[in-house]
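The values are calculated or read from the model by the stated rules, or taken from the named source; none is laboratory data. Because the structure is predicted, anything quoted here is derived from the model rather than measured. Cβ coordinates were reconstructed from backbone atoms using ideal geometry, including for glycine residues, and neighbour counts include every protein chain displayed.
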Amino acid sequence: MDSLALAIGVPLIAALAAAAFPARAQALGLAGALATTVASLQVTALVWQQGSLRSEPGGWGAPLGLALQADGLSAALIAMTALVALATAIYASGYFRPGNRPREFWPLWLLLWTALNGTFLAADLFNLYVNMELLGLAAAALGALGGQPAAVAASLRYLLIGLLGSMTYLLGVALVYTAYGTLDMDLVAAALRPGPVAGTAMVLMTGGLALKAALFPLHFWLPPAHANATAPVSAALSALVVKAAFYLVLRLWLDVFTPLVTPAAAHLIGLLGAAAVVWGSWRALRAERLKLLAAYSTVAQIGYLCLFFPLLQATPPGTAREDLLAALVLMALTHGFAKSGLFLAAGLVQQSAGHDRIKELGGTAQHLPATTFSIALAGTALIGLPPSGSFIGKWLLMTSAVQTGQWWWIAAVMTGTLLAAAYVFRVLGQAFNLEPTPRRFLTQGRTELPALLLALTSVAVLGLAARPLWQLLQPGGAA
Amino acid sequence: MSRRASLAVSLLLGLLTLLLLWVFAQALAQQPGPRLAELAATELPRSAVSNPVTAVLLNYRAYDTLLELAVLLAALLGIWSLGAASPGYQPAGPALEVMADWVVPLLILTGGYLLWVGAHAPGGAFQAGALLGAAGVILRLAGHQRAGLPSESSQRLLAVSGTAVFAAVGLATLAFGAGFLTYPPDWAKWLILLIETAATLAIGTTLAAAYVGGQPPENPEGVRSR
């Protein structure tokens, strides 16, 4: 059986079933989430064994047909997507109340998942555009589900920005096809010659994707869109959707436009990343609402990932470069788990207190001990304290900065880390300021446990057991 | 925006357009020739259709088209999630009503023709679906609250049908060992027609329902009783 096609076909079929039978949408959606998780983890397991997978829907093969492809990088992101999306789906089944419009949530949620898996598996530049359209539409529609004017307005802006990003990307794809006569990534990479055409295509495609990935200074649309959505949607938007756009930038720069990645270009991305780290963390510290804090922290975390570009460019192929790439993926995964856990926990705080104004969150630790613990754990990972995965990631980032002589990036990482510590402890300081000890750790297991498990994964699992990730990213597979 | 600022922005956009045009000319010069079009024409006999556009959409790159249909569905679900549709227009005056009586059946007939002809001449599911959608728009303008569409639950089934049949065909070929969306040569023609028929209905329903602009009303009052 073609596991790559199944990882896209299973969530698609489940989405159709949930759309066709709205009365049973939740049951169908949960069953679909479970089946999609199994299909996704199967891809990861096969990549673990074989190193890489490729299949050709339609059987025509490149260049006439198109292909699906998975390597360690896509397998790691697919596994992260599966676990985060499953936990969020379980949370959503307890979070939505009647009248909260869960009916359209499930089909759109599964379409979003289809598009995410499709993006991570695509090996064709135009197919990526189609996947991004599906991703952008499903994400914007999900973001508006709450129905408040602020959420609808932010989602409409998100939709338009996303369309602008897709169109810019498509313009680059059109140039590539005109110049090289193919859309398959491997064939384009083999034919690519540096020059004005390839350079313009790279700028257009990277620019469009940077808009979707909310890379500073193109992040302006993210905080309102992510902060006003309902909690499960915020978690997916921040942890997964932004990551998909970032993954594509990484994929294009590493595998397709390799001869065009000059030190200047890599430094520009690094510089924007450093600005994002400082600016995003600063705005998170100043944020008055918990969800806005989490959204600005996403801007900063995308910045950290961009800091890896100049270092990867300066490191010759070998163990050091593989370590660096693994550290990048580890930070992306850690942020995915931590941020989704944080948004889910913030949603519970908001539901229980009726608001998420940080100044008035006193007593949260007494009302919702497990949720407060989740926020603390997720915060640990966002700061990058040991034993979280981002501790290892930041450690390798700074080591490499010293080794390649680009010490100035360390200043950005240090500033970001300090600011992150400040904004996490600002929330926790408020949450713990009432006296009586809590009676029960868990109040509502169905919604609190997914958040807790996600946050715990970001700290304990990814930090203490990061070894398998290195093996997964090996070109030849681990086993 | 002040006049001077908008002038500066227009100037910059003009320069950007010139730059992109120059790059595009470079790209054209880099590879003169038909690119993939020649290969698409050579493989046409194996694709079970004789219209190259249909071959690209439904066979060579069928997976893209499957996702495109999912995009349409996502758009409709997004529209429905925003709440009920605003009440439609006034019942039509006699002139518009007579015109709708003439035009709507013609549109449906032409849609059916375009669907069938798509295998060997320009046409196909998207064109046929667009005509069905246009028929829905005319009905809505003439005062039919649901744009001539059935109840919400039937609309859901219709809107899902295109993607569902397409994905089911893909998974069926996968189950029979041919690979995802890889049609067996003897069946290809009929599978493509089946997919296109379902896609036409789904596209027509989606476009008309999107024009209604919200969840379809339960008991439309504007249905003309004749």
Taking the conditions exactly as written (more than 10 Å from chain B (Cβ to nearest Cβ), more than 26 Å from B:Ala188 (Cα to Cα) and either charged (D, E, K, R) or surrounded by 24 or more Cβ atoms within 10 Å (Cβ to Cβ) (or both)), does A:Gly51 satisfy them or not?
no
Name, by its number, the condition in (1) away from chain B (no Cβ under 14 Å); (2) touching a strand residue (DSSP E or B) at 6+ places or on another chain (Cβ under 7 Å) that does not hold for A:Leu66.
(1)
Of the residues that make up segment A:403-414, is at least one of a type in the set (A, V, I, L, M, F, W, C), under 22 Å from the mean Cα position of the chain (by Cα) and farther than 26 Å from A:Ala236 by Cα?
yes
Output the number of residues of segment A:335-358 satisfying the condition of being crowded, with 21+ Cβ neighbours inside 10 Å and charged (D, E, K, R).
2
For segment A:130-141, does any single residue satisfy the condition of being part of a helix (DSSP H, G or I), within 11 Å of chain B (Cβ to nearest Cβ) and acidic (Asp, Glu)?
yes
Quick check: is even one residue across segment B:84-99 closer than 21 Å to A:Trp113 by Cα, among the polar types (S, T, N, Q) and out of contact with any Cys (no Cβ under 8 Å at 6 or more places or on another chain)?
no
Conditions (1) within 21 Å of the chain's Cα centre (by Cα); (2) closer than 30 Å to A:Asp71 by Cβ; number of the one not met by A:Gly318
(1)
Only one of (1) touching a Lys or Arg at 6+ places or on another chain (Cβ under 8 Å); (2) over 30 Å from A:Asp2 (Cβ atoms) fails for B:Pro185. Which number is that?
(2)
Pairs, please: C-beta under 8 Å, at least 6 apart or cross-chain, first residue in a helix (DSSP H, G or I) and in segment A:403-420, second polar (S, T, N, Q) and buried (at least 23 other Cβ atoms within 10 Å of the Cβ)?
A:Thr415/A:Ser281; A:Gly416/A:Ser281; A:Leu419/A:Ser281; A:Ala420/A:Ser281; A:Ala420/A:Ser297
Looking at B:Ala159, B:Ala208, B:Ala198, can you tell me which residue is away from every other protein chain (no Cβ under 14 Å) and either in contact (Cβ under 8 Å) with a residue 60 or more places away in the chain or in a helix (DSSP H, G or I) (or both)?
B:Ala208
Test result for A:Asn117, within 30 Å of A:Ala23 (Cβ to Cβ) and either surrounded by 24 or more Cβ atoms within 10 Å (Cβ to Cβ) or free of Cβ contacts under 8 Å to residues at least 60 places away in the same chain (or both)
yes
Just give me the residues in segment A:142-154 being assigned to a helix (DSSP H, G or I) and more than 9 Å from every other protein chain (Cβ to nearest Cβ), in sequence order.
A:Gly143, A:Pro149, A:Ala150, A:Ala151, A:Ala153, A:Ala154
What's the number of the only condition in (1) surrounded by 24 or more Cβ atoms within 10 Å (Cβ to Cβ); (2) of a type in the set (S, T, N, Q); (3) more than 8 Å from chain B (Cβ to nearest Cβ); (4) under 15 Å from A:Ala33 (Cα atoms) that A:Ser74 fails to meet?
(4)
So, of the residues in segment B:172-191 that are buried (at least 19 other Cβ atoms within 10 Å of the Cβ) and facing another protein chain (nearest Cβ under 10 Å), which turns out to be nearest to the chain's Cα centre (by Cα)?
B:Leu181
Candidates A:Ala411, A:Ala376, filtered to the one that is of a type in the set (Gly, Ala, Ser) and out of contact with any helix residue (DSSP H, G or I) (no Cβ under 7 Å at 6 or more places or on another chain)
A:Ala411
Condition first: in a helix (DSSP H, G or I) and more than 10 Å from every other protein chain (Cβ to nearest Cβ). Now tell me which residues in segment A:111-125 satisfy that.
A:Trp113, A:Leu116, A:Asn117, A:Thr119, A:Phe120, A:Leu121, A:Leu125
Being touching a helix residue (DSSP H, G or I) at 6+ places or on another chain (Cβ under 6 Å), without any contact (Cβ under 8 Å) to a residue 60 or more places away in the chain, surrounded by fewer than 24 Cβ atoms within 10 Å (Cβ to Cβ) and more than 12 Å from A:Gly303 (Cα to Cα) is the filter here, so list the residues in segment A:207-229 that pass it.
A:Gly207, A:Leu211
So which residues in segment A:207-239 are among the aliphatic types (A, V, I, L, M), farther than 19 Å from A:Tyr129 by Cβ and in a helix (DSSP H, G or I), if there are any at all?
A:Leu222, A:Ala225, A:Ala227, A:Ala231, A:Val233, A:Ala235, A:Ala236, A:Leu237, A:Ala239
Restricting attention to segment A:86-106, does a residue exist that is out of contact with any Lys or Arg (no Cβ under 7 Å at 6 or more places or on another chain), more than 11 Å from every other protein chain (Cβ to nearest Cβ), modelled with pLDDT of 95 or more and under 23 Å from A:Ala189 (Cβ atoms)?
no
Checking A:Pro316 against (1) modelled with pLDDT under 95; (2) of a type outside the set (Val, Ile, Thr); (3) part of a helix (DSSP H, G or I), only one condition comes out false. Which one?
(3)
Checking the conditions here, which among A:Ala7, A:Ala19, A:Ala35, A:Ala14 is surrounded by fewer than 24 Cβ atoms within 10 Å (Cβ to Cβ), touching a residue at least 24 places away in the same chain (Cβ under 8 Å), part of a helix (DSSP H, G or I) and within 14 Å of chain B (Cβ to nearest Cβ)?
A:Ala35
Among (1) modelled with pLDDT under 95; (2) within 17 Å of A:Leu211 (Cβ to Cβ), where does A:Lys291 come up short?
(2)
Which listed residue, of B:Leu39, B:Leu72, B:Leu107, is under 17 Å from the mean Cα position of the chain (by Cα), in a helix (DSSP H, G or I) and within 12 Å of chain A (Cβ to nearest Cβ):
B:Leu72
Here's a check for you: in segment B:45-69, which residue that is free of Cβ contacts under 8 Å to residues at least 12 places away in the same chain and within 11 Å of chain A (Cβ to nearest Cβ) is farthest from A:Thr119 (Cα to Cα)?
B:Arg61
For residues that are of a type in the set (D, E, K, R) and surrounded by 14 or more Cβ atoms within 10 Å (Cβ to Cβ), scanning just segment B:1-59, find the one that is nearest to A:Val203 (Cα to Cα).
B:Arg35
Members of segment A:156-203 that are among the small types (Gly, Ala, Ser), within 10 Å of another protein chain (Cβ to nearest Cβ) and not in a loop (DSSP other than H, G, I, E, B):
A:Ala174, A:Ala179, A:Ala191, A:Ala198, A:Gly199, A:Ala201
Going residue by residue through segment B:78-98, is there one that turns out to be assigned to a helix (DSSP H, G or I), out of contact with any Asp or Glu (no Cβ under 7 Å at 6 or more places or on another chain) and within 14 Å of another protein chain (Cβ to nearest Cβ)?
yes
